[in-house]
Structures are given as C-alpha cells and as structure tokens.
Amino acid sequence: MLFRSLTVVGVGACAALTGVLLGLAWMVVSGSSTGLWLTARAAGLTSYLLLTLVTISGLVLSHPARHRLRWPNAAQRVRLHVSLTIFTLVFVVVHIVVLALDPWAQVGWVGAVLPFGSAYRPLPVTLGLLSLWAGIITGLSAGLAGRVTGRFWLMLHRFSAAVWVLAWLHGVFAGRDTASWMWMYAVTGIAVVTAAAWRYASAGRGDRLREVAESRTAKYAKEPV
C-alpha cells in the first residue's frame, strides 16, 4: 500500500514538472504570456473529463446488477477505475501547479492551497479546492476497503459524488472560456445524472424485491404446516 502511494505521488510530481516545462517552452518559443495558462486549462479540462469517467465507472462498479456484465470482468473494471483515478490525479496536479506558477492566472500558491486565497474568481477556485480535498478523502477511503469493519469506508468513498459536482461547478464558473465549452459540461452532466439515476433506481428496485421476499418468508413461516 505504501509503495503504491509513493508511486502515485512520484508520477504526479513528474507530471507536474512536465507540465511546467511545457508551459515555459511555449512562452519562450511563442513569446506569449498565456502559455502556462493554456497548459493549465488543458490539464484542467482533461482532468475533468477523466473524473467524469471515474464517476461513471464507479457507478457501474456499485450497480446491483454488475455481476451480469461479462466484459470487462470484475477485476478489469476495478483496474480500469483505479487507472482512471490515477490519471485524473496526475492532470489535477499539473493543473494546480501550473496555475500557481502562472502570474497571469492570478491564482498563486495561496489561492491554489487555501480557500478564497485566489485573486481570480475566489469562489469558483475554492469550489475546485473543495473538490480536490473531497477527492483525497475518497481516494484514501478506497484503501480502507476490507480493512475497516462495517461500512465506514463506503461512507467516506461516497464523497466521490461531491467531488464531481464541485468539479463541475468549478469548471463552469472558473473558466474564462466557459461559454465555448458549455456543450461539453452539458453532455457530461447529463451522462453522470443518467448513470446515477440508472444506478440508484436499480438499487431501489432491489431493496423492494428483498422486502417482498422477506415479508413472504415471514408470512409462510407463521402458517401452520
């Protein structure tokens, strides 16, 4: 577990350094002061799309009828979910570090770490920070599966819903070019809401069927033989 955590941190650090170097190279070659911001924006959009896939794959993993899926199998679905999560973390790190280093973005290290510390749209940026913190809690809770009794870890892992919602709000209200990307936020929003409705509607039917079965069992048990 420790080795995996260190691996994720190392990959994230390398990705952040790569993003910064790419942004600086853009500035040197093009002479534009927006190179770092463009790099950060691209990383932010990529991380949001990956987070959307993570959220949908998580809903599939927890669906009551997941055992009916023959491909990919259960192990492959879990590996896909974990891999998408790691890639999301990498691009989030790139997004945050590059914005913190970019003076044109007006976020700075304080704004990248502390709520309402950004000079640029402090509330939307803070929503992104809250999404990050909720994502960290969600990620750590995954390591508690099978190690903590009861459903404590599952309760923590359900912060993933807040992660996506906060990220959606952050993307819509923080981007300078949001108007040109509203179609993407609309499509991904509909996709996640549809997947969530499919997941929890099925859970409700499963609960009702179990209640009916239990009531019938109790009724038959009381009847004389």
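The values are calculated or read from the model by the stated rules, or taken from the named source; none is laboratory data. Values in this document were obtained by computation on a predicted structure and should not be read as measured data. Reconstructed Cβ throughout: ideal geometry from the backbone, glycine too, with neighbour counts over all protein chains shown. SASA here: full protein model, heavy atoms, side chains in, ligands and nucleic acids out. Shrake-Rupley method; radii C 1.70, N 1.55, O 1.52, S 1.80 Å.
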Checklist entry - Filtering segment 102-126 down to residues that are touching a residue at least 40 places away in the same chain (Cβ under 8 Å) and in contact with a Ser or Thr (Cβ under 6 Å, 6 or more places away or on another chain), which residue is farthest from residue 167 (Cα to Cα)? => result 104
Checklist entry - Could we say that residue 117 is modelled with pLDDT of 75 or more, open to solvent by less than 40 Å² (accessible area, probe 1.4 Å), not in a helix (DSSP H, G or I) and not β-branched (Val, Ile, Thr) here? => result yes
Next on the checklist: Among the listed residues 135, 139, 128, identify the single one that is within 16 Å of the chain's Cα centre (by Cα), part of a helix (DSSP H, G or I) and at pLDDT 90 or above.
Outcome noted: 128
Checklist entry - residue 108: out of contact with any Lys or Arg (no Cβ under 7 Å at 6 or more places or on another chain) and either at pLDDT below 90 or crowded, with 21+ Cβ neighbours inside 10 Å (or both), yes or no? => result yes
Next on the checklist: So for segment 165-173 (the condition being surrounded by 10 or more Cβ atoms within 10 Å (Cβ to Cβ) and at pLDDT below 90), does at least one residue qualify?
Outcome noted: no
